[in-house]
Amino acid sequence: QLLGVNVTVPHKSAVIPYLAEIDREASLIGAVNTLVPVENGFKGYNTDLPGLYRALVSEGISLSGEEVILLGAGGAARAAAFLCALRGAKRVYLLNRSLEKAQAVAEEANLAAGRQCILPMELSSWKSLPEKKYLAIQGTSVGLAPNTDEAVIEDRDFYRLIHTGFDLVYRPANTRFMRLTEEAGGKACNGLKMLLYQGVEAFELWTGLKVKEEDVAFCYEQMKKELEKNE
C-alpha cells in the first residue's frame, strides 16, 4: 500500500492539475511537495510552510505581530513570504536583487493573505529600512556549500538590525550570514530544523500519527552530528 509521495522541483506546480484535492495553503502558494492518497487520487500539501513555522516556534520565534526582513524571492523565500503573510507577521520587507521578482512574490502573498503586509525592495536599498530590530529570514542560496564565505549582504551595519537571523541554508551548519548575525549580537539558526520538520509533517500526513517533540529533538541531534561530521 502506497502511503504517500514527495515531489520536488520542477514538479511542485506541474503535478497540481492531476490532483483530486489540494490543501488551502498549498493552493494559495501554487506548489505542493507532499501527496496523500484519498478516495479518488491524491491530495496535495505543501510542507515547506508548516515545516518552517514549526522550526521557528521550536526556536521560540513567533511570527504574530513580528517585523521581518526576508532576503530573496526564489523558491524557499517565496514559501517564507507566504508563511509570514498567512501567519500574522505585521510587516515583511522583502529584499531581492531583482525588484521585479520581489514585487511579483509580494503581490501574490499579499493577495493570498488579503492584506498589504509585504513590501518589496531592492537588496541594495536596505539602508532605508526603519531603524529597529527585526527577525531576518535568509532565503537565498548565497552561503550554501561550497561558497561558505559569502553572505547576501556583507555590510556589518545591516546585521545590527537583526534580533534573530534564520538562515534557510543548512549546509554548512554555521553560515557566514549566521556568523555575522551573532557577531552583531543577534541569535542565529540554520535551516536544518525546517528540513526536519518538513519530513515530520509529511510523515504525520501519511500515517495519521503525531511525532513526539522528544523524538524530533533526537532526530535533530543525529542530523546535526552527521552534518558537522561531513563538513
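So here's what we get for this one:
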read-out	value
Unique match (being outside the structural domain of Ala173 (by TED's automatic domain parsing) and at pLDDT 95 or above) among Leu111, Leu70, Leu56	Leu56
Count of the stretch 1-13 residues which are part of a strand (DSSP E or B) and of a type in the set (Gly, Ala, Ser)	0
The stretch 86-112 - residue that is in contact with a strand residue (DSSP E or B) (Cβ under 6 Å, 6 or more places away or on another chain) and farther than 21 Å from Phe158 by Cβ and, of those, surrounded by the fewest Cβ atoms within 10 Å (Cβ to Cβ)	Gln103
So Gly60, is it in contact (Cβ under 8 Å) with a residue 12 or more places away in the chain, within 22 Å of Met194 (Cα to Cα) and not aromatic (Phe, Trp, Tyr)	no
Of all residues making up the stretch 11-25, the number that are among the small types (Gly, Ala, Ser) and either in contact with a strand residue (DSSP E or B) (Cβ under 6 Å, 6 or more places away or on another chain) or in contact (Cβ under 8 Å) with a residue 40 or more places away in the chain (or both)	1
Count of the stretch 14-25 residues which are surrounded by 15 or more Cβ atoms within 10 Å (Cβ to Cβ), in a helix (DSSP H, G or I) and at pLDDT 95 or above	1
Selection status of Gly51, in contact (Cβ under 8 Å) with a residue 40 or more places away in the chain, farther than 17 Å from Thr8 by Cα and buried (at least 23 other Cβ atoms within 10 Å of the Cβ)	no
Residues that are surrounded by 19 or more Cβ atoms within 10 Å (Cβ to Cβ) and over 11 Å from the mean Cα position of the chain (by Cα), drawn from the stretch 54-66	Leu63, Glu66
Enumeration of residues in the stretch 169-188 that are under 14 Å from the mean Cα position of the chain (by Cα) and buried (at least 22 other Cβ atoms within 10 Å of the Cβ)	Val169
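Quick grid of which residues meet (1) modelled with pLDDT of 95 or more; (2) out of contact with any strand residue (DSSP E or B) (no Cβ under 8 Å at 6 or more places or on another chain); (3) of a type outside the set (Gly, Ala, Ser):
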| site | (1), (2), (3) |
| --- | --- |
| Ala136 | yes, no, no |
| Arg156 | yes, yes, yes |
| Thr175 | yes, no, yes |
| Leu196 | yes, yes, yes |
| Gly199 | yes, yes, no |
| Lys212 | yes, yes, yes |
| Cys219 | yes, yes, yes |
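The values are calculated or read from the model by the stated rules, or taken from the named source; none is laboratory data. What you see is a predicted model, and the numbers here were worked out from it, not measured in a lab. A quick note on method: Cβ atoms are made from the backbone with ideal geometry, for glycine too, and the neighbour counts reach across all protein chains shown.
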